[in-house]
Every structure is written in structure tokens, then in C-alpha cells.
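The values are calculated or read from the model by the stated rules, or taken from the named source; none is laboratory data. Model, not experiment: these values are computed from the prediction. Ideal geometry is used to build each Cβ from the backbone, glycine not excepted, and the neighbour counts take in all protein chains shown. Accessible surface is based on the protein model in full, side chains and every heavy atom, while ligands, DNA and RNA are left aside. Shrake-Rupley method; radii C 1.70, N 1.55, O 1.52, S 1.80 Å.
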Amino acid sequence: MAAKVARRAVVVAGARTPFVRAFTDFTTMDSIALADAAVRGLLERTGLPGTNVQSIVWGGVILPSAAPNIAREIALDLKLDPGCEGHTVTRACASGLQAVTTAAAAIERGEYDIMIAGGSDSTSNAEIKLPQKLVHAGAPLALGKPKLEDYFSAAAQLAPFTGLLPSRPKIAERTTGEVMGESAEKMAGIHGVGRVEQDEFALRSHLRAAAAIDSGRFDDEVLRVRTPEGVEVARDGLVRADTTLEKLAKLKPVFAANGTVTAGNASPLTDGAAAVLLMSEEKARELGYKPLAAFRSWSYVSVDPTDQVLIGPAISMPRALDKAGLTLADVDFVDIHEAFAAQTLSVVRALADEKWAATRLDRDTAVGAIDPEKLNVHGGSVSLGHPFGATGARMVTTMANELARTGKQTALLGICAAGGIGASAVLEAV
């Protein structure tokens, strides 16, 4: 993507549901219901008539099998203009950012003037997969007009009657079988990130998120959501303002007997949704909206999953900076998705490492050290939670608001994702 475009897409506003722990307040709201709540709230807050939305791009990871194109379901549920088209994208944990940059690209190509993009996921409603052995034997019975002998044939296919129970879902690489927490442990060892450092990072994430909530920093983005049970949820449910290093130190490692990754320094399973309103700059000003930010660049890369599956941002972030014509020192804010404290700190270490620059980036010098005061200034996924498809849109919303609020100029985003994906973008103030 070129750093300068003749027609510019701008972020007008963003809104999200509170992020809550899976199997709590939002248990009966699936990914579509959460998406509906985020988009409905965004339209209400901005005062934009739903009929003005021309297209929706939505990101998701745990897609509902009965209606996987969540974007179109949003348009239908909210009774937007029947012509509002919608498509759904999935790029693991970078799905939300992919949706937003896809919309920005469409606007800058002149396809639309007004779009909504975002993402949602409901871990609480993840579908349990039946063993293929059972599917292959039973599907012909369910889909056809079976005779008695067909039932005997199906039973024969199942013999011996083992392996018929659903297996426990795991967040693991399909190609390697490595669980994400195991990947974080590996990265911590490679980059020398210890347990204390991870716990300190997690504590800072919680304290900064709590401060953002208490100061009203998130009031512009977090919605009040009423559940089907009539419970009103208005606040992120995972932030722990009262946590301490002592409390975090008592938690046992989860992925290795003598490991460093715990439930306290990793992002929890989360339900939630986030939506972003984008327009062409001309249309935004015509309608009387003050743009918050625009995309100066973005970059998506992949690395070998057998190496460090979550290190991708250490490549995509420098590439996004190069495309934007910036250096790390030029950036006012850096926002990195905190899948694990170990992964985030490993990315930070790699960016400051000359050997990494030489071997992986073909550079003579390191990208640079990130000032901790610029990094994840309002916390991140460790404290706020991580609904897989929503995180990228949350980050865009928070950083766009922060640029507009502070008068600063640029923010660099970085997201790791399954499959060895790294996703990054540079936002600039408008």
C-alpha cells in the first residue's frame, strides 16, 4: 500500500461491547448477537442512519457454522438498507484489523463512501466438533432417506466403538500441534524473558487499563449492553486494579512444569465485539463528522510456525513503518496485542536486537527500543481480554481516540496470530 493516496479513508468513530470472561455475562450471546450490539451502539452514538451504511466487513475466528458470514447477518438483523453488502474475513487473531484495513482499501479505491468494519468472537459459543468417524457414518442417515439396513451399515462403520466422543478444543497450531502457550514459553526462552518480567508487564497492563477506565478514557468506546437475561453490562470484566506482583507470583505455570507463562500473564478466553465506522474523508466532512485518524500504512506477513509462531509483529511492524516513511523513534504510541506477556516482550526484544535486524530484516541496525511510556498506554489483551476477532478493531478504536484526544500524530499497531502471521498498521492523526 502506498504511503499517500489521493482519496483517503478515515476512522470516524469506534465502539465495542465490554469485554468479559467467557461463560459469564455474555454466555447466551453468540458472535452475531455481540456483533449486532457493537454495530447498533456505534450507529446510535454517531447518529448515523443505518440506511447510510453501504457495506460491512467483519472479522471472526470461531465462526458460527449455520451463518458464517456474520457481516451480512448484521445488516439483516439491524434492518440496514437491503443493498448493504457484507463479507466476513478470518485471519486468526488479526481478523479485526484485517476487516478494518479491507474496508479502508475499498473506500480508497472508490468502491464505497461509508463502511463499518470490526470483529467479534464468543468463546462461550464455540461449537464442539464431532469426530469425523461419527460424521461419516451418521451424515448419510441424517441427509438422506435411510432404510433399516443403512442403520446397520452405519453401526458397522463405527466398530470398534472407540473415538466417538468429542475431544477437548485446544488453541493449537494445526500443522505443528503446538499450543499457543507452549509457543510463548519457547519465545520466552529464546529471547530471555523471565517470569518476573512477565508478571511486571501483566501488572502494568492491569493498572493502566484500570486507570483508563477510571479516568473515562474508554467512555467513548465501551457500550452498555443488555443481555437476553436483562443484565446490563457496562464495564470490562477482566481488569484487576487490585492485583499485585505478589498475587501474580503465586500462580503456577500452565504450559510447562518449570515454565513462566501463567493465567496471570496471559490473555484470558473472552467474549466481545468491536466496530469501527470508516468513511471517505470528503463524505465525513460533508456529513459533519470530525475524522479521528487515517491509515498511513499496513503490513501483513507470515513466518514459519515451527520457529516462533507469534513473532510475526517483529517483522510486520518494521515493514509498516517503512511503508509509512517513518522510524520507530517518530511514533508517538505503540500498541501491541498482548496474547501473552512473554510474546509481547519477545517482540519488543527482537525490535531492539541488531542480530534480529541483520538476520530477519536485512538491516544494518536494530529497529529500535520502544519507550515503555509509549507502549500499550491503556493496557492490552492481558488485562482487557481477547475476543479473537475483535481485538484488532479495539486497538484501532483506542489508538484513533488517543491520537484525537492528545493531539499526537502517529500510532503503530502490532498483532500476532496463529499460522505465524504478523499484522501491523500505522495510524496518523487527521
- Query: If you check ALA417, ALA411, ALA352, ALA390, which single one turns out to be among the aliphatic types (A, V, I, L, M), modelled with pLDDT of 95 or more and open to solvent by 30 Å² or more (accessible area, probe 1.4 Å)?
  - Reply: ALA352
- Query: What about ALA358, is it small (Gly, Ala, Ser), surrounded by 23 or more Cβ atoms within 10 Å (Cβ to Cβ) and either more than 18 Å from PHE201 (Cβ to Cβ) or touching a Lys or Arg at 6+ places or on another chain (Cβ under 8 Å) (or both)?
  - Reply: no
- Inter-residue pairs, beta-carbon under 6 Å, first in contact (Cβ under 8 Å) with a residue 12 or more places away in the chain and closer than 21 Å to GLY86 by Cβ and in the stretch 119-132, second open to solvent by 40 Å² or more (accessible area, probe 1.4 Å) and not β-branched (Val, Ile, Thr), 6+ apart: SER122/ASP30; ASN125/ASP30
- Residue in the stretch 126-182 that is modelled with the lowest pLDDT, counting only those that are closer than 30 Å to GLY420 by Cβ and among the polar types (S, T, N, Q): SER167
- Index of the failed condition, VAL5 passing every other in (1) closer than 20 Å to THR398 by Cβ; (2) at pLDDT below 95; (3) β-branched (Val, Ile, Thr): (1)
- Any helices (runs of 4 or more DSSP H) falling wholly within the stretch 1-118 and containing at least 2 residues that are polar (S, T, N, Q): 31-46, 95-108
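Table: residues versus (1) free of Cβ contacts under 8 Å to residues at least 12 places away in the same chain; (2) polar (S, T, N, Q); (3) surrounded by fewer than 24 Cβ atoms within 10 Å (Cβ to Cβ).
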site	(1), (2), (3)
VAL61	no, no, no
PRO64	no, no, yes
ARG72	no, no, yes
LEU78	no, no, yes
PRO82	yes, no, yes
VAL89	no, no, yes
GLN98	no, yes, no
THR102	no, yes, yes
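Assess whether ILE370 counts as being assigned to a strand (DSSP E or B) and at pLDDT 95 or above. Please lay out each step first, then the result.
Numbers: assigned to a strand (DSSP E or B): no; at pLDDT 95 or above: yes.
Criteria not met by ILE370.
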- Item | Residue tally, condition crowded, with 23+ Cβ neighbours inside 10 Å and charged (D, E, K, R), over the stretch 305-339 | 2
- Message: Could you go through the stretch 373-382 and let me know if any residue there is buried (at least 24 other Cβ atoms within 10 Å of the Cβ) and of a type in the set (Val, Ile, Thr).
- Response: yes
- Taking the stretch 199-229 and keeping only residues that are open to solvent by less than 40 Å² (accessible area, probe 1.4 Å), of a type outside the set (D, E, K, R) and not in a helix (DSSP H, G or I), one is left with GLY216, PHE218, VAL222, LEU223, VAL225, THR227
- Residue by residue through the stretch 126-170, note down the ones that are open to solvent by 70 Å² or more (accessible area, probe 1.4 Å), of a type in the set (A, V, I, L, M) and part of a loop (DSSP other than H, G, I, E, B). ILE128, LEU130, LEU165
